[in-house]
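Below is one structure, written out as structure tokens, with a few remarks after it.
The values are calculated or read from the model by the stated rules, or taken from the named source; none is laboratory data. Note that the structure is predicted; figures quoted are calculated from it, not measured. Every residue, glycine as well, gets a Cβ built from its backbone with ideal geometry; the counts of neighbours run over all protein chains shown.
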Amino acid sequence: MDENKILKEQVQEIDLDEIIAKYDKESSFRKLSGYQMKIVTSLAIMFSLFQLYTAIFGVLPAQLQRSIHITFAFVLAYLMYPASKKMPKNKMHWLDVGLAVLAGGVGLYIPFNYHSLIMRAGDQTPVDIFVAILAILLVLEAARRVVGLPIVIIASTFLLYAKFGAFLPGFLNHRGYSISRIVSHMYYTTEGILGTPIAVSSTFIFLFILFGAFLDKTGIGKFFIDLANAIAGKAVGGPAKVAVLSSALTGTISGSSVANTVGTGSFTIPLMKSLGYKPEFAGAVEAAASTGGQIMPPIMGAAAFLMAEFIGIPYSSIAKAAVIPALLYFTGIWIMVDLEARKTGMKGLESSKLPKLARVLGERWFLLLPIFVIVYMLMNGTTPIKAALFGILSSVIVGMIRKETRMNLKTFFQALEMGAKGSLGVAIACSCAGIIVGTVTLTGLGLKMGNGLVELAGGYLLPTLVLTMISSLILGMGAPTTANYIITSTIAAPALLKLGVHPLTAHMFVFYFGIIADITPPVALAAFAGSAIAKSDPIKTGINASKLAIAAFLIPYMFVLNPQLLLINTTGLEIIQITITSLIGMLGIGIAMQGFILGKVNPLLRVLFMAGGLALIDPGLYTDILGVTIVGFGILYQWKKYKKPPTANISA
């Protein structure tokens, strides 16, 4: 039996649906059939058509747009996600149908009573209060099903704080609010459930998820994997580098670390194992690379769009700011993978088994055009809504160029359905996180927490950064990136702002640590998904993933201490200098972590490589000179010691 056949059998043995459902709460939905499937499919398509209609002809007034958006989301959530594991996974339960109908009625209460509610703003009737209470309960239950219990506990704690804050000591104390005031604030204003998070979800986040669904139907996922294989497959440690490159590419159109890990990992992880990589390392490479997709411009995770709204700057500015950190992140993983391969003597794949780059690009280059369209429009100041619309339109048009990428009516509607279903997790997470934001705006908790964190850190920046990092990682263990960012940007970011940190830098700091929580033990969902495919120990896989992604733990501190890394107040020449020196710095850190360059590195030299790498990542003339000197000395010492690499294949 040849190697290709064995590899195909290993891939076929992997139950991807089971893995993604286990580690990605948003993907653990029912697999319906018959008329029940048709009902859900029809609702999902209607959801997408509503979003497209309002994007083309104009968004409705805030409360109407957002309430209709969450109505679709919650009806679909209750029909698709069972209340417990004991409930059937292939058909709807009467309880869920009843809750879906109730959620639909509660969601449409605002559109049907819109003018009346505006006229009596602040003076709600008993029926209004009752509906608002139901809305909050339905939001919490839907979030439990789709997102997970941790965010429900956090949101519920904030509700209790709004009610009983008068009994708390110190800076947490406030006068307390009545139930009617709390629920009215949460549901009938644009400060709570229908606040900024759901505003972003109901406009451009949905459209970008829909754009990803349309791109998927053109076959761009397979194109990215083939492209990565053609570029890096024959290099030292080829399959691992393919995982890094393909995950970086697909991550730009996928907002889920777990889904990205499973999608590309189903191919790359068995391939890495077949060439001798340890299972824990193979799973970690894919998890670390896939998690980085959310910080990869031009199309980052959904939280990046929220950041643009929260800070009040164009999304293009955030994408530009993320370029160098993302480059450092993936370069760091690439270097670690390369050194691991050289240390263990692994080679790349045979050229005969790989697709040819010229052929891959020659046959399917046009699939990249929709991404170029979006990048061009975003960089030229076009609104995200318009950019996403043109991206969707261009994906349909370019798909017509070849028969195998052409969309028919069936695949068009499948894309509409996929986009709607893919948006549920974000919509529901944003709705639940809106309760947290609503509590903060009602009680002033954000400023209080910011003051409290600064006081706890003694007014010093570095301890405040450490406390903010810890809180972001802890929250990220139980909440998806979107919800995690909303919480940390509301509570932790004000502490950094109080100490004079630039708003973009402060928000990017919590954004980064919220993302890498997916690969940070003890609850590292992306790493656990990778370990399930690799059949490895989950904790060891998480530890390896954290080592590979060491850049993600260091870079946020660096861009807080020197915002030039985010292209803030910098020149073109400085950008070139920062990029080159930071990449050399990542090489130094990679050598220190792996303990190998041309041969084994002794402990003292590893410490020096780490020091030199850190100095180079921190932009500055003196630190650059120091870092280049240390890393250069270390490599020269190794070259003289070993003269030539111990591995025969030294291609990049």
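Structure notes:
- Here is the figure for segment 178-200: residues that are more than 24 Å from residue 65 (Cβ to Cβ) and at pLDDT below 90 total 0.
- Some residue of segment 614-624 being free of Cβ contacts under 8 Å to residues at least 40 places away in the same chain, under 29 Å from the mean Cα position of the chain (by Cα) and part of a helix (DSSP H, G or I): yes
Listed here are the residues, each with its yes/no results for (1) part of a helix (DSSP H, G or I); (2) out of contact with any Leu (no Cβ under 8 Å at 6 or more places or on another chain); (3) over 30 Å from residue 181 (Cα atoms); (4) among the acidic types (Asp, Glu).
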residue	(1), (2), (3), (4)
421	yes, no, yes, no
431	yes, yes, no, no
435	yes, no, no, no
454	yes, no, yes, no
473	yes, yes, yes, no
482	yes, no, no, no
486	yes, no, no, no
495	yes, no, no, no
501	no, no, yes, no
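- Residues that are on the phi < 0 side of the Ramachandran plot and either among the hydrophobic types (A, V, I, L, M, F, W, C) or surrounded by 22 or more Cβ atoms within 10 Å (Cβ to Cβ) (or both), drawn from segment 567-580: 568, 573, 575, 576, 578, 580
- Of the residues making up segment 21-65, those that are among the aromatic types (Phe, Trp, Tyr), within 30 Å of residue 149 (Cβ to Cβ) and at pLDDT below 95 number 2.
- Filter pass, residue 164 being surrounded by fewer than 14 Cβ atoms within 10 Å (Cβ to Cβ), at pLDDT 85 or above and part of a helix (DSSP H, G or I): yes
- Against the test of being touching a residue at least 24 places away in the same chain (Cβ under 8 Å) and in contact with a Gly (Cβ under 7 Å, 6 or more places away or on another chain), the options 495, 427 yield a single qualifying residue, 495.
- Flag for residue 120 being among the basic types (Lys, Arg) and in contact (Cβ under 8 Å) with a residue 60 or more places away in the chain: no
- Which listed residue, of 206, 130, 214, 158, is over 24 Å from residue 78 (Cβ atoms), among the hydrophobic types (A, V, I, L, M, F, W, C) and part of a helix (DSSP H, G or I): 214
- Filter result (crowded, with 19+ Cβ neighbours inside 10 Å and assigned to a loop (DSSP other than H, G, I, E, B)) within segment 103-127: 124
- Residue list for segment 347-362, restricted to those being under 31 Å from the mean Cα position of the chain (by Cα) and closer than 18 Å to residue 277 by Cβ: 348, 349, 354
- From 586, 610, residue being part of a helix (DSSP H, G or I) and either surrounded by fewer than 24 Cβ atoms within 10 Å (Cβ to Cβ) or out of contact with any helix residue (DSSP H, G or I) (no Cβ under 7 Å at 6 or more places or on another chain) (or both): 610
- Scanning segment 42-60 for residues that are small (Gly, Ala, Ser) and within 25 Å of residue 115 (Cβ to Cβ) yields 55, 58.
- In the set (1) touching an Asp or Glu at 6+ places or on another chain (Cβ under 6 Å); (2) of a type outside the set (Lys, Arg); (3) farther than 21 Å from residue 66 by Cβ, the condition left unmet by residue 123 is number (1).
- Residue among 84, 42 that alone is in a helix (DSSP H, G or I), out of contact with any helix residue (DSSP H, G or I) (no Cβ under 8 Å at 6 or more places or on another chain) and surrounded by fewer than 17 Cβ atoms within 10 Å (Cβ to Cβ): 42
- Just one residue in the set 470, 516 is closer than 30 Å to residue 541 by Cβ, of a type in the set (A, V, I, L, M, F, W, C), at pLDDT 80 or above and crowded, with 17+ Cβ neighbours inside 10 Å; that residue is 516.
- Residue tally, condition out of contact with any helix residue (DSSP H, G or I) (no Cβ under 7 Å at 6 or more places or on another chain) and buried (at least 21 other Cβ atoms within 10 Å of the Cβ), over segment 543-558: 0
- Taking every residue in segment 57-81 that is free of Cβ contacts under 8 Å to residues at least 24 places away in the same chain and pairing it with any residue that is buried (at least 24 other Cβ atoms within 10 Å of the Cβ) and assigned to a helix (DSSP H, G or I), at least 6 positions away or on another chain, the pairs with Cβ-Cβ distances below 9 Å are 60/66.
- Cross-chain or 6+ apart pairs with Cβ under 9 Å, segment 351-371 first and without any contact (Cβ under 8 Å) to a residue 24 or more places away in the chain and within 10 Å of residue 398 (Cα to Cα), then surrounded by 14 or more Cβ atoms within 10 Å (Cβ to Cβ) and among the charged types (D, E, K, R): none
- Residue 513 being free of Cβ contacts under 8 Å to residues at least 60 places away in the same chain and under 26 Å from residue 583 (Cα atoms): yes
- Where a residue in segment 173-186 is without any contact (Cβ under 8 Å) to a residue 40 or more places away in the chain and its partner, wherever it lies, is in a helix (DSSP H, G or I) and not polar (S, T, N, Q), with Cβ under 6 Å and at least six apart: 175/166; 176/165; 176/166
- Scanning segment 298-317 turns up no residue that is at pLDDT 85 or above, under 24 Å from residue 521 (Cβ atoms) and either of a type in the set (A, V, I, L, M, F, W, C) or not in a helix (DSSP H, G or I) (or both).
- Residue 401 modelled with pLDDT of 80 or more, at negative phi and in a loop (DSSP other than H, G, I, E, B): yes
- Residue in segment 452-472 that is of a type outside the set (S, T, N, Q) and under 21 Å from residue 426 (Cα atoms) present: no
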